[in-house]
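Each remark here refers to the structure printed beneath this line.
Bear in mind these aren't lab numbers, they're just calculated from the coordinates by the rules spelled out. Quantities reported herein were computed from a predicted structural model and do not represent experimental measurements. Neighbour counts run over all protein chains shown; Cβ positions are idealised from the backbone, glycine included.
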Amino acid sequence: MLATLVMTIIGADRPGLVQLIATRVAEHGGNWLESRMCHLGGQFAGILRAEVPAARVDELVKALQTLESAGLRVTLHTESGAAPSAIGSVAALELVGQDRPGILRLVAGVLAAHGVNVEELASERVSAPMGGGTLFKARATVLVPPGVSLGALRGDLERIASDLMVDLNLRPAER
C-alpha cells in the first residue's frame, strides 16, 4: 500500500537542495510525482508530492526532518484518499500592468465571488521596456465551476482591469 505525501520546503537557496530532498525520498522507496520549486528573494521554496510505501512513511518523515540542520524547513501533509475530481472548465488568466499594491487582491476577489478556484498562479515584477517603471505580471490556471459563465467572469475582471489600468486576458484552456 502506498501513501501520498505533500510537502512544502523552504530555506536559504544554494546548489544541491533538490538533491538532498530527492535522495531522502528515493532512499525510502518513494517516487517523486510532481513539484513546483523556485528561487524567491534569496530563498528556495517549493511544494512536492511523492508516493512512499505506507510502512516507510514515518522513517521518511524523520529523514526529512533532519534537513532542518541543513537549513531546510520541510512541512508534510498526508493526502487522505483520492482527491475529489475537479468539476468545471479550465481557463487561463494573464495579467500585465504597472505595478501597484492590491492588484492580485482585487483579481482574486472577483474570482472568489464567482466561486472560481485558482489551481496555479505565477507572478513577478519586471522592469518595463524603455525605462517605463515596473510591471506586474501574473499567469494563472483557474477552474470555473459549472453554471458560471466565462463571459460574465471576463466582464467582471475587465471592469476592475480598467480601474487598475492593467491588460487582462481570460480564455478557455486545456488541462
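Observations
- Any hit, the range 19-27, residues being farther than 17 Å from Lys62 by Cα and in contact (Cβ under 8 Å) with a residue 40 or more places away in the chain: no
- Lone qualifier among Ala45, Ala55 - being assigned to a helix (DSSP H, G or I) and over 28 Å from Val148 (Cβ atoms): Ala55
- Subset of the range 115-173 that is among the β-branched types (Val, Ile, Thr) and exposed (fewer than 13 other Cβ atoms within 10 Å of the Cβ) - its residue that is nearest to Gly88 (Cα to Cα): Val126
- Scanning the range 121-162 for residues that are assigned to a helix (DSSP H, G or I) and without any contact (Cβ under 8 Å) to a residue 24 or more places away in the chain yields Pro129, Met130, Gly131, Gly151, Arg154, Gly155, Glu158, Arg159, Ser162.
- Pair list, Cβ under 8 Å, 6 or more apart: the range 33-48 residue hydroxyl-bearing (Ser, Thr, Tyr), other residue surrounded by 12 or more Cβ atoms within 10 Å (Cβ to Cβ) and assigned to a strand (DSSP E or B): Ser35/Gly46; Ser35/Ile47; Ser35/Leu48; Ser35/Arg49
- Of all the numbered requirements in (1) under 18 Å from the mean Cα position of the chain (by Cα); (2) of a type outside the set (Val, Ile, Thr); (3) over 26 Å from Ser149 (Cβ atoms); (4) outside any strand (DSSP E or B), Leu76 misses one, and that requirement is (4).
- Failed condition for Gly97, given (1) closer than 30 Å to Gly151 by Cβ; (2) in contact with a His (Cβ under 8 Å, 6 or more places away or on another chain): (2)
- Tally of residues being touching a residue at least 60 places away in the same chain (Cβ under 8 Å) and either in a strand (DSSP E or B) or farther than 27 Å from Gly11 by Cβ (or both) across the range 79-101: 12
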